[in-house]
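Single-structure report; data block below.
Nothing in this text is a laboratory measurement; each read-out follows from the coordinates by a stated rule. Here the structure is a predicted model, which is why all the values come from computation and not from measurement. Counting neighbours? That spans all protein chains shown, and the Cβs are built from the backbone with ideal geometry, glycine included.
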Amino acid sequence: MLSLFLIPFVIAMFLAVNMGGSGTAPAFSAAYGARILKRSLIPGLFGVAVFLGAVVGGKETAKTIGKGLLDPQLMTFTVVSIILFSVSISLLIANLMGIPQSTSQSTVLAVVAPAIYFHSLNSHKLLWEIIPTWFIMPVTAFCISFLIGKYIYKPIRKRGYTISRQINESYVLKGLIIIMSMYVAFSIGTNNVANAVGPITSLSLNMLDSNPDHYVYILTLATLIVAPCFGIGSSLFGHKVVQNTGREIVLFGRIEAVIIAFISASLLLVASLVKGIPTSLVQLNVGAIIGIGVAKLGARNIFRKTEVNKFFIMWLVSPLISFSLSLLCTYLADVAGWINVSFI
């Protein structure tokens, strides 16, 4: 029983490692692009902030993933293993390509696949809450960043404040950038850790035949196990995705780094704490980056960049890989009679 029970936990930890690699970019690419932090310091800071965010504010999003889309009674050993495995593979492909990917979108579609197969999908939650948020939030990040860049940042820049050595080298500004990066990582903890923890919690509740009132306790324990793996993933995969977003899209100024971090983290916190909606911080962050870039360099110069095009393509492909793999594995498991595998 224990050895079987460990399998989905190990897969969840593997998924968290992949999410840590992908999530490092939206958290620290701005600070890295502004040359505030050394690469070696990023994984530790990232891991601590993600852990705190998951413990403090990750419960609502975990509930959405764990029982908001698929009947929690269907979160069996086999189904949860399929969901976590499918997401892990899709994110691993994105990480190896150095593309920061939406862990939330890949996870949601991996859960949706068995929900559709078993005719148990909460379509209202998916179609009227989650999917609209996926479109609205990145556009909002882009618009806010663009408006700030054009009407606040550019006038300040024309007056020479942004190139002032005294301002840019001040410890106050450097500290603010690091705080904003930690703020983004904290937001990741409130949202993305749920992608691994949510299914694991529902599985644990089912397999242990526990009282539903114990959900929060099991959720907390799963969080304590899974969240630290984000720091490991940051160490393994973080450099390439940070390099792509931090220095290959647009060269950041230090004031811009604060703007990007604050906008993306704040929008994610709203999604996490108000509605518990699993949302892509990667896309919020890149939306804010592109908004600042367009305000500085113009749309043509930004959207013609190769890295931007690769991001958009991978954002479409990776969730589809996750969905297709999850659906295929669910079908094969059902045909083989493995769906209701029990520990008893």
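Charge tally around Thr64: other residues with Cβ under 15 Å, Lys/Arg +1 each, Asp/Glu -1 each, net +2.
Please report Ser123, Ser181 as a ranked list, fewest other C-beta atoms within 10 angstrom at the top and most at the bottom.
The fewest-first ordering by Cβ neighbours comes to Ser123, Ser181.
Summing Lys and Arg as +1 and Asp and Glu as -1 over all other residues whose Cβ lies under 14 Å from the Cβ of Pro278 gives a net charge of +3.
The share of Cα pairs per 10 Å bin across segment 55-176, counted from zero up to the longest distance, runs 11, 27, 26, 17, 13, 6, 0 percent. Measuring nothing but alpha carbons in segment 2-336 and taking Rh as the Kirkwood radius, the Rg to Rh ratio lands at 0.99.
Of Glu60, Glu256, the sequence from fewest to most neighbouring Cβ atoms within 10 angstrom is Glu60, Glu256. One chain, two ends: Tyr331 and Glu129. Fully extended at 0.36 nm per residue, the span grows by 70.0 nm beyond their Cα-Cα distance. Summary value for segment 2-336: 40 percent relative contact order, contacts being C-alpha pairs under 8 angstrom separated by 6+ residues.
For segment 16-107, the relative contact order works out to 45 percent when only alpha carbon pairs closer than 8 Å and six or more residues apart are counted.
Summing Lys and Arg as +1 and Asp and Glu as -1 over all other residues whose Cβ lies under 10 Å from the Cβ of Leu219 gives a net charge of +2.
When Tyr117, Tyr153 are sorted by how many other C-beta atoms sit within 10 angstrom of their C-beta, beginning with the fewest, the order is Tyr117, Tyr153. Distance between the 7 Å Cα→Cβ label points at Arg39 and Ala299: 3.5 nm.
The value of relative contact order for segment 37-190, using C-alpha pairs under 8 Å at least six residues apart, is 50 percent.
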